[in-house]
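Remarks on the structure that follows.
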Amino acid sequence: MTNHLMTNYAPMAVSFTRGAGALIWDTNGKQYLDALGGIAVCALGHAHPAVSKAICEQAGQLMHTSNLYTIDLQIQLADRLCHHAGMEQAFFSNSGAEANEAAIKLARMFGHSKEIAIPQIIVMQGSFHGRTMATLSATGNPKVQAGFEPLVEGFIHVPYNDIEAVKTLATENKNIVAILVEPITGEGGIKVPAANYLNQLRTICDTHDWLLMLDEIQTGMCRTGKWFAHQHNNIKPDVMTLAKALGNGMPIGACLAGSKAANIFQPGNHGSTYGGNLLACRAALAVIQTMEQENLARRADELGKTIQQGLKNKLRNTKGVLEIRGKGLMIGIELNRPCVELVAQALEQGILINVTANSVVRLLPPLIISNNEAEQIVNHVSTLIENFLSH
Ligand SMILES: *Cc1c(COP(=O)(O)O)cnc(C)c1O
């Protein structure tokens, strides 16, 4: 068959047909251990019975009505998310980028409400916020932006984990209305900032009446060992975006607002035809209920410690391993050289991994993996890296 797909992706030839938990099978019936979970999406693993059942039931009942009508499942989902986040309101989108678009629009309206005509948002170098025009403009990676100029205005990039840079801007620029930042960078190489970084950003935002907007699209939903990564810092954001694991594969994103950012949007200011439809909300409710019942935040914390410690033990004497870092089941292994070919080597050996920022092996396994599967990940990945670095 002729391939009529646009050429924006460069997929590997392998194609999968079936999954169960952390296992997945390709068209030849070969089995793989999935240590990537569809890029942090399948936190409950593949074909989770509770999610599949919820989707099937809802699909047989009612999938979509539009936001012209009240959607009870949306109200329930907002309630669960606000309960876990200690926030006030939610808007639902179909993707992460759209959740960030909502956050950016909120920040601009917040600025205009304070008579700031040209509101500016501080964003970080090395960040990733999505591929729409506004979110790629916010993203701190020239590769994501190249070819799409003119970029959307209103973003000021500063180095990640650099509090002084933010303080300097605060004294110089009266048009700043918000900071948008990832608690741990995902696409940017699993960079973990200083332990008090988010706390300091929180203080600066409070001092200057800015919104602290956290992109928790990758770090949220129990991934790092808490419901949301900022909960390691005992702070609350004013705005938080979610997507990825929220639907375990059902496309859904969310933009949550705390009291400072609540009630900014008025009817007509923002919307999405599909956003928060019954099917997506039902899936997300099943995801949250499962995470609650199985206490997956705590499980991710335990498993993350086991895997990181295991990798550190095995790779202790391996020259070329610069750092093993992360939180919970968001783990990066930085090597001293580009290592993109590791992805194909791992695939060959029956394990799905990813390499980001050229030289960081990234692991984002489902949160439901067994101890044995965690051990297999440690063994597979450390052996792969040892072999790779010995050549
Ligand atoms: C994946 C991701 C996005 C974009 O989400 P999409 O669903 O691909 O639009 C934004 N921010 C972060 C931190 C992400 O990991």
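The values are calculated or read from the model by the stated rules, or taken from the named source; none is laboratory data. Since the structure is predicted, the reported quantities are computational estimates derived from the model, not experimental observations. Ideal geometry is used to build each Cβ from the backbone, glycine not excepted, and the neighbour counts take in all protein chains shown.
The selection criterion, being in a strand (DSSP E or B) and among the hydrophobic types (A, V, I, L, M, F, W, C), holds for Val361. Mind checking whether some residue in the stretch 180-191 is without any contact (Cβ under 8 Å) to a residue 12 or more places away in the chain and out of contact with any helix residue (DSSP H, G or I) (no Cβ under 6 Å at 6 or more places or on another chain)? Looking for residues that are without any contact (Cβ under 8 Å) to a residue 12 or more places away in the chain and out of contact with any helix residue (DSSP H, G or I) (no Cβ under 6 Å at 6 or more places or on another chain), one finds none in the stretch 180-191, hence no.
Taking the stretch 1-118 as the region of interest, the helices (runs of 4 or more DSSP H) fully inside it that hold 1 or more residues being among the β-branched types (Val, Ile, Thr) and more than 22 Å from the chain's Cα centre (by Cα) are 49-59, 72-85. Of all positions in the stretch 53-76, none carries a residue that is among the acidic types (Asp, Glu) and over 18 Å from Leu279 (Cβ atoms).
For (1) within 16 Å of the ligand (Cβ to nearest atom); (2) modelled with pLDDT under 95; (3) over 23 Å from Val177 (Cα atoms), each residue gets a yes or a no:
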residue: Asn8; (1), (2), (3): yes, no, yes
residue: Ala20; (1), (2), (3): no, no, yes
residue: Ile24; (1), (2), (3): no, no, yes
residue: Lys30; (1), (2), (3): no, no, yes
residue: Val41; (1), (2), (3): yes, no, yes
residue: Ala99; (1), (2), (3): yes, no, no
residue: Ile116; (1), (2), (3): no, no, no
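Being within 10 Å of the chain's Cα centre (by Cα) and among the charged types (D, E, K, R) is the filter; apply it to the stretch 196-254 and report the residue that is nearest to Asp301 (Cα to Cα). If we take residues in the stretch 196-254 being within 10 Å of the chain's Cα centre (by Cα) and among the charged types (D, E, K, R), then Arg223 is nearest to Asp301 (Cα to Cα). Exactly one residue among Met250, Met240 is within 14 Å of the ligand (Cβ to nearest atom), surrounded by fewer than 24 Cβ atoms within 10 Å (Cβ to Cβ) and modelled with pLDDT of 95 or more, and that residue is Met250.
Among residues of the stretch 185-206 being of a type in the set (Ser, Thr, Tyr) and either part of a helix (DSSP H, G or I) or over 15 Å from Met124 (Cα atoms) (or both), the one that is farthest from the ligand (Cβ to nearest atom) is Thr203. Test Thr318 against the criterion of being touching a residue at least 40 places away in the same chain (Cβ under 8 Å), assigned to a loop (DSSP other than H, G, I, E, B) and farther than 23 Å from Ala195 by Cβ, and give yes or no. Judged against the criteria, Thr318 is a match.
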